[in-house]
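Peer 1: Here you go, one structure.
The values are calculated or read from the model by the stated rules, or taken from the named source; none is laboratory data. Remember, it's a predicted structure, so these values are computed and weren't measured experimentally. Note that each Cβ is placed from the backbone with ideal geometry, even for glycine, and that neighbours are counted across all protein chains shown. Areas reflect the complete protein model, heavy atoms only, side chains present, ligands, DNA and RNA absent. Shrake-Rupley method; radii C 1.70, N 1.55, O 1.52, S 1.80 Å.
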Amino acid sequence: MVNGELVPKEQAALGVTDLAIQRGYGLFDYFVVKKGRPVFFEDYLDRVEQSAKWLQLDLPVTREELRQQILQLIRTNGELEAAIKLILTGGYAEDGYSPSKSNLVIIEMPPPMHPASKFERGVKLMLYDYHRTFPSAKSINYIVGIYLLPQQRAQGAEDVLFHSGGHIYETTRANFFIVTNDDVIVTAGEGILNGVTRKQTLDIARHHFKVEERSPTVEELKTAKEAFITSSTRPIMPVVQVDDVVIGNGQPGAVTRRLMVLMAEEVERYLEG
Ligand SMILES: *Cc1c(COP(=O)(O)O)cnc(C)c1O
């Protein structure tokens, strides 16, 4: 769906003067479709609006029009299990610099696939000293994460964990949580992308555990009992190692596993509602 027009994927295109191409100026969002319905749809629409505000981009459609475009795309393709990526750009800039009317592209693609073993055994992360600019905006600029991919793969890490000034914020594409020795769930409350999965996880977690919204320190990793990341592609994924530090006993912990079950139930409840 390019600016409201359904087009075959091979023909979907933007002109080369768009600021997304010229300067990496734009935002995106990503969410999954289950049983033909976008999961936690309104939360994602909220975030698109918030990201647009942060980047001073005007949505060329109303929220209702955006909702209808996404639903029309899903109906047209007829896939029950899928993912949606939405991209809102800085628009065409004849001078190569000044934003104009944003282009809106909505792409439907196959659902995310991650081997079950990653959820069963947990994954490793790699630390990197960096803090995203405009962290509240889901910017299309992933230059640091993509630049680090060869290093990440060489270390066998699932993702790169950003820290700055001794504090941990998030990974390139997911929010990060630790569970302390006394079962307190800790995750950064500021300086991060407000993940929808993070929000859902915290809403569930508050009913069962104590929650603290503050950025965990790098030091705390050594004493943390558990760690996990959250994102739309990998709802809750246990983390068992960060660089050379083994988290807890090196296996997904009880709190993480409990949250994984509760989250799956929450998604089911949403789809029934
Ligand atoms: C998308 C993203 C997340 C996770 O957000 P979800 O809404 O849960 O998918 C976290 N951090 C960054 C930098 C992201 O781009």
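Peer 1: Taking the DSSP beta bridges in the chain as the whole, what percent of them are antiparallel, to the nearest 5?
Peer 2: Roughly 75 percent of the beta bridges in the chain run antiparallel, per DSSP.
Peer 1: Mind checking which of Val245, Val186, Val33 has the largest fluctuation in a GNM of the chain, springs on alpha carbons under 10 Å?
Peer 2: Per the Cα network of the chain with a 10 Å cutoff, Val245 tops the list.
Peer 1: Let me have the 222 nm mean residue ellipticity of the chain computed from DSSP H runs of 4+ only, each contributing -39500 (n - 2.57), with the sum over all residues rounded to the nearest 500. Please report the intermediate quantities before stating the final value.
Peer 2: On the way: 8 runs with 80 residues, N = 273.
Counting only the DSSP helices, I get -8500 deg cm²/dmol.
Peer 1: Now for a different question. Points 7 angstrom from Cα along the Cβ direction at Glu5 and Ile140: gap in nanometres?
Peer 2: About 1.8 nm, to one decimal.
Peer 1: Further question on the same structure: Out of the stretch 16-119, which trypsin sites (Lys or Arg not before Pro) are coil in DSSP terms and have no more than 16 other C-beta atoms within 10 Å?
Peer 2: Sites meeting the loop and neighbour criteria: Lys35, Lys101.
Peer 1: So how tilted is helix 254-272 from the main axis of the chain? Cα-based, degrees 0 to 90, rounded to 10.
Peer 2: The answer is roughly 30 degrees.
Peer 1: Taking Cα atoms, how many degrees apart are the long axis of helix 196-205 and the longest axis of the chain, rounded to 10 and kept between 0 and 90?
Peer 2: Relative to the chain, helix 196-205 is tipped by roughly 40 degrees.
Peer 1: Under a straight-distance cross-link criterion of Cα-Cα below 25 Å, which lysines are reachable from Lys34, leaving out those fewer than 8 residues away in the same chain?
Peer 2: Lys9, Lys85, Lys118, Lys138, Lys199
Peer 1: Compute the long axis of helix 41-54 from its Cα atoms, compare it with the longest principal axis of the Cα atoms of the chain, and write down the angle in degrees, 0 to 90, nearest 10.
Peer 2: Helix 41-54 sits at roughly 80 degrees to that axis.
Peer 1: Now for a separate question. Of all DSSP beta bridges in the stretch 117-273, what percent run antiparallel (nearest 5)? Numbers along the way, then the final one.
Peer 2: Values: 20 of 32 bridges.
Of those bridges, close to 60 percent are antiparallel.
Peer 1: Oh, and also: For the chain, modelled as a GNM with alpha-carbon contacts under 10 angstrom, which of Thr223, Thr62, Thr197 fluctuates the most?
Peer 2: Thr62
Peer 1: So what is the accessible area of the chain per residue, in Å², with the probe set to 1.4 Å?
Peer 2: Details: 13530 Å² over 273 residues.
For the chain, the solvent-accessible area averages 50 Å² per residue.
Peer 1: Could you look at the chain and say what percent of its accessible area is carbon and sulfur, using a 1.4 Å probe and all protein chains?
Peer 2: On the way: 7100 of 13530 Å².
C and S fraction of accessible area: 53 percent.
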